[in-house]
1. Of the cross-linked pairs Lys606/Lys634; Lys629/Lys713; Lys629/Lys675, which ones have a Cα-Cα span greater than 25 Å in the structure shown?
2. Rank-order 132-140, 256-264 by packing density, defined as the average count of other C-beta atoms within 10 Å over each peptide's residues, highest first.
3. May I ask which residue of His430, Pro560, Ala277 lies farthest towards the positive end of the charge dipole of the chain, with charges of +1 (Lys, Arg) and -1 (Asp, Glu) on Cβ and the Cα centre as origin?
4. State which helices in the chain qualify, where a helix is a whole DSSP H run, it must extend 15 Å or more along its own axis by its Cα atoms, and its mean Kyte-Doolittle hydropathy must be at least -0.5.
5. Which whole-angstrom value gives the distance between the alpha carbon centres of segment 179-209 and segment 713-736?
6. Could you rank the peptides 554-561, 474-481, 96-103, 334-341 by their average count of other C-beta atoms within 10 Å per residue, with the highest value first?
7. Output the peptides 696-702, 587-593, 164-170 sorted from most to least packed, where packing is the average of other Cβ atoms within 10 Å over each peptide's residues.
8. So the label point goes 7 Å from the Cα of Leu45 along Cα→C-beta, right? Which residues of segment 320-341 then have their backbone N under 11 Å from it?
Amino acid sequence: MKTSPKSPLTISILIICIYFSQLQFLAQNTEQSSSTIAIKIENTLKKLTLKEKVALCHAQSKFSTKGVERLGIPEIWMADGPHGVRAEISWDDWSYAGWTNDSITAFPALTCLAATFNPKLSSQFGFSLGEEARYRKKDVLLGPGVNIYRTPLNGRNFEYMGEDPFLASTMVVPYIKGVQKNGVAACVKHYALNNQELWRDKVNVEVSDRALHEIYLPAFKAAVTKANVWALMGAYNKFRGQYATHHELLTKKILKEDWKYDGVVISDWSSAHSTIASAMFGLDIEMGTGTDGLGTSTSNHYDHYYLATSFLKKLKSGEIPLAILDDKVRRILRLRFRTNMSNNRPLGRANNKEHHDVARKVAAEGIVLLKNENNFFPIKDDKNLIIAVIGENATRSMTAGGGSSELKPQFEISPLQGIRARYKNATIIHSMGFASGPSVYDKVIPSKLNADSLRVAAIQTAKKADIVLFVGGLSKSHLQDCEGDDRKQFGLPFGQETLINDIVAVNQNVGFVLVTGNAVAMPWLKKVKGVIQTWYLGSMAGHAIADVISGAVNPSGKLPFTFPIKLEDNAAHSFGEISYPGIDMTQQYKEDILVGYRWHDTKEIKPLYAFGYGLSYTSFKVSNIEIDKKTYTKEASINVSCTVKNIGNIDGAEVIQIYIGKSKSKVKRALKELKGFQKVKLKSGEKSNINIEIPVNSLAFYDETISDWNLEKGDYIIYVGNAANNIFKKKTFSVK
Ligand code: BGC
């Protein structure tokens, strides 16, 4: 049959019609989805037996829960974690299942993401990670973690987003939205107050309502109310004597009633402790309680969970009302309709170039230049140059170890590999320098080398070089940056402090590439010419580090937490044992709201490196700093404007930070608190006018006398700077 050729106009009209009809379809579909999901939930609920409903509320294996086959309801599959999808774990124990198709892209750990101060990158990070989770057929991704950085000893800080609730809240929202675009639930964790690993499963935290609401909860609240997170994980610790995972105030009241959370609460792996508390105080899915399968009993071990047989019995006897169960099941079904029972979820992808690019971009943007004497960095490639790369962190895998966030990347570029790939002309020589030894996770240790011979070899290597890059820091081994325990010392381990002294004695041109997820003591700081803080950067680590060292990327990362000079300068530590780690399993957060820079600022304790600090290879001039009014109403927003100019000769980025304080207040206040920030990318010589909006109601404090937020009238001070301790201008305004 002959068809008449269509004119270009007809084709265009056709395309436009199709486009609009699709838009309409999409709009109807999304509209439908929230209302139809509610109907579907009610219909499904009616079809489930009591036993089937209970079975939805607890694990059937280490990382999955049962479906209901006869109704076509699939199982739920979960996986760690915050910066990459973990390898498959066995059905009943923690060993790896040994699959050959479960390697992934390792993204940088979340301290690095926070250090980018770039919410757009956080969105790309979340989206790419969600794609990998989807590809691996996961319905729930067990991350991100947003516990506040309270002490540099916390073994798990590297997984979190720093010490400031505003920064963590701003960065976590796009991450979650990005993950969930893939039809995979993000699971924000660990709710709440899991701020140390030592004794995490039993320590009882005592903290004021004010610090709870102003410091420790905001990032969770943002995850729930702004990102609409679909899952949340309870913490191991206790708060005011009750376990956090099923807590009358935390989970039942604040999370589910006040914030109107409609997602599921999942326990941490074995953080549930009672049937009644789990049932009544908001736990929906119990995971990890003694998951040794049939190992300790003859019946199915999962039936012994608090939310299994004992729950069923109490429901049957009427001790627990059926409505309690139905609320949990509605949430669990909602999770399914949002994920594995959603009609239009994409298929996901893993290990593709785009994900590697995102990993590298986040890594390079998160690296923080701390010190740069006489422009030590960037180091230009030159055939006459000999660079010695010394230190175990130059070659040790940093995706292995660390606990549940351990990854099995398809590849991981070490700093040494990255530097070798980047420097084509210079001669790169290498020496291990020190060895941290095997850990529970990583069995690699050089067999014939002892600490002394490693040290001697390193000194010889340093002597031969023009420049030494000392790649040291912490590792992901137990008692380092690792889950399950805290660090025992603030200084660098494995003789690194002595080794640095020995190296500097033979070569004064030393730059320190610091690989940690935590602040460390730096008694050696004056002796080295440059320091870059690189965090744990995942698959593209070495390339990103070489990007910054060589100047291919101009550093723009800013510290998401304070580096104190000594441990006692940190707020939690300044109060002694009762505050950290606690006495008789109870700890009091004596510093209250004065966490991190809030403490240093208010008590005038000089940090080694302040929150928000980070150098660049170029310089910026910030001028015309203005606020739009002198007086604001409670409903208004403050518009802060300024001009930022890149006055150096290379392109770069600066982070303008807005802090606000109130000197006269009826309550104790921090000198200032971060309330807004913006990262500006500028070419050499370029300038840009920026505007940052701050809602006046974000200046409210949590008033314990009314158990609510209270916005005080009167004068406030606004501080505009590029670090907590580098303020360009202060201005006063008032709220009426
Ligand atoms: C960790 C969680 C993790 C879970 C499952 C727990 O030990 O605290 O963060 O998601 O294990 O691996």
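All of the numbers you see were taken from the coordinates with simple rules; none came from a lab. Please read these numbers as outputs of a predicted model, since none were measured by experiment. So basically every Cβ, Gly included, is an ideal-geometry build from the backbone, and we count neighbours across all protein chains shown.
1. Working: Lys606/Lys634 34 Å; Lys629/Lys713 15 Å; Lys629/Lys675 17 Å.
As for pairs spanning more than 25 Å Cα to Cα, those are Lys606/Lys634.
2. Details: 132-140: 23.8, 256-264: 17.2.
The densest-packed peptide leads the list: 132-140, 256-264.
3. Going by the Cα projections, it comes out as Pro560.
4. Working: long enough: 8-47 (54 Å, 0.43); 119-135 (24 Å, -0.59); 165-180 (22 Å, 0.85); 322-338 (24 Å, -0.02); 353-366 (19 Å, -1.13); 451-464 (20 Å, -0.08); 496-506 (16 Å, 0.75).
Qualifying helices: 8-47, 165-180, 322-338, 451-464, 496-506.
5. One Cα centre to the other: 32 Å.
6. Working: 554-561: 28.0, 474-481: 23.9, 96-103: 11.6, 334-341: 21.6.
Final packing ranking: 554-561, 474-481, 334-341, 96-103.
7. Details: 696-702: 17.7, 587-593: 21.7, 164-170: 23.9.
Ranked from most to least packed, the peptides come out as 164-170, 587-593, 696-702.
8. 323-334
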